[in-house]
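The values are calculated or read from the model by the stated rules, or taken from the named source; none is laboratory data. Here the structure is a predicted model, which is why all the values come from computation and not from measurement. Heads up, the Cβs are rebuilt from the backbone with ideal geometry, glycines too, and the neighbour counts pull from every protein chain shown.
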Amino acid sequence: MTEQVVNASDILTKKLDGHLVEGEDTLKYDLGNLTAYDESSINKTEYRSSPNQYIKKLSRDNVQLLISRLFQLPIKEIEEGSLALLPRCTTLIPREKSLPTSKPKTRWEAFAEIKGIKKKKKSSMEWDKEHEEYRPTFGYKKANDVANDWAMIARPDDKVGEDPFKKLEDEKNERVAKQKKREQRNFDEASMRQMSNVGKTLSFDKDSRGQIKSDMEKVFDVAKLSTASLGKFDKRVENEKDAPKRGKKKLAGLGAGDVSQESENNTKLIDRMFKKENVLNVDKATRQFVKAEERENYSKKRSFGGKDKNSQKKFKK
């Protein structure tokens with residue numbers, strides 16, 4: 001008996017005949033994002049005859065082509081199963097989260113920016129004299145680390161019975177605590193600076209609605225005049241009111257192009273200058289003149305009454 005070799009593709013063709021795609025593959029693939037783009041034109045005849053059936057068939061064929069292309073990718077075996085190694089994405093997709101905000105500046109960073117001080121980058125490696133090699137400047141096994149010395153030189157200001165190693169450790173803990181206190185202070189100050197730029201929350205109760213409306217109208221009027229042309233060439237909104245006119249009120253209406261209004265104003269001015277009635281108020285002027293004379297006579301009497309009696313008698317004779 002001869003063994004018959006069975007081809008798997010023949011079995012799939014007979015068994016899954018309805019799931020195979022006939023025709024040329026014209027899709028553009030972005031396997032990194034598990035997507036495929038069909039840029040071919042639509043068959044108008046088939047679409048008009050049965051639009052739903054045509055869209056379903058086209059969608060099924062495209063999905064089948066995408067899955068077939070995914071099965072052609074290289075596979076990596078792990079304990080849980082097989083993984084397909086996706087290529088790099090070619091389609092740019094908008095990020096899900098918002099852009100990161102700038103980190104608030106510390107007190108020193110704000111001061112350095114004002115004064116123009118630039119930070120000098122320190123080398124990450126430093127020469128260790130004892131071991132005669134380069135070691136990290138900071139961190140584990142740093143260069144010239146005093147804490148790793150087994151002996152310390154006594155100082156004149158050392159107290160009797162004081163442990164120098166314990167003192168060194170306490171000084172380090174004190175520096176760490178002081179640095180944490182500075183970090184907390186910088187965080188609080190940065191938070192206060194950010195909060196100072198944020199307006200207070202508005203209360204939309206009945207008592208404050210009028211004030212809010214007035215404030216919004218003022219802000220809107222300022223925004224109208226914020227362009228280079230002072231809002232002259234801006235696109236107007238439907239039912240938008242004219243912006244408030246600012247400038248010299250005495251010149252309002254002059255040179256605006258209305259000749260009839262200008263001639264009327266000139267006529268009124270000439271009539272006031274040459275009208276028959278006297279512009280001077282005679283009664284008021286007379287009263288002021290009489291009061292001035294009475295005031296002058298009263299001042300003369302007061303000055304005359306200050307002299308001696310003999311001079312008064314001589315004057316009477």
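The table that follows gives values for the structure above.
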{"quantity": "Among the residues listed as Leu92, Leu99, Leu83, the single one being under 30 Å from Leu34 (Cα atoms) and not in a loop (DSSP other than H, G, I, E, B)", "calculated": "Leu83"}
{"quantity": "Some residue of the range 86-105 being closer than 30 Å to Ser191 by Cα and either in contact with a strand residue (DSSP E or B) (Cβ under 9 Å, 6 or more places away or on another chain) or in contact (Cβ under 8 Å) with a residue 24 or more places away in the chain (or both)", "calculated": "yes"}
{"quantity": "Matching entry among Lys167, Lys142, Lys122 (being basic (Lys, Arg), loosely packed, with under 12 Cβ neighbours inside 10 Å and without any contact (Cβ under 8 Å) to a residue 40 or more places away in the chain)", "calculated": "Lys122"}
{"quantity": "Those residues of the range 36-85 which are without any contact (Cβ under 8 Å) to a residue 12 or more places away in the chain, surrounded by fewer than 10 Cβ atoms within 10 Å (Cβ to Cβ), in contact with a Leu (Cβ under 9 Å, 6 or more places away or on another chain) and not charged (D, E, K, R), in sequence order", "calculated": "Pro74"}
{"quantity": "The range 118-166 - residue that is of a type in the set (A, V, I, L, M) and closer than 29 Å to Trp108 by Cβ and, of those, modelled with the highest pLDDT", "calculated": "Met125"}
{"quantity": "Residues of the range 55-95 classified as among the polar types (S, T, N, Q) and in contact with a Gly (Cβ under 9 Å, 6 or more places away or on another chain), total", "calculated": "2"}
{"quantity": "Extreme residue, surrounded by the fewest Cβ atoms within 10 Å (Cβ to Cβ), among residues of the range 4-34 that are in contact with a helix residue (DSSP H, G or I) (Cβ under 8 Å, 6 or more places away or on another chain) and at pLDDT 85 or above", "calculated": "Leu34"}
{"quantity": "Members of the range 48-80 found to be assigned to a loop (DSSP other than H, G, I, E, B) and either of a type in the set (S, T, N, Q) or touching a Cys at 6+ places or on another chain (Cβ under 8 Å) (or both), listed by number", "calculated": "Ser50, Gln72"}
{"quantity": "Per-region count, the range 173-231, residues of a type in the set (D, E, K, R), at pLDDT 75 or above and in a loop (DSSP other than H, G, I, E, B)", "calculated": "0"}
{"quantity": "Meets criteria (more than 38 Å from the chain's Cα centre (by Cα), assigned to a loop (DSSP other than H, G, I, E, B), at pLDDT below 85 and among the acidic types (Asp, Glu)) for Glu169", "calculated": "no"}
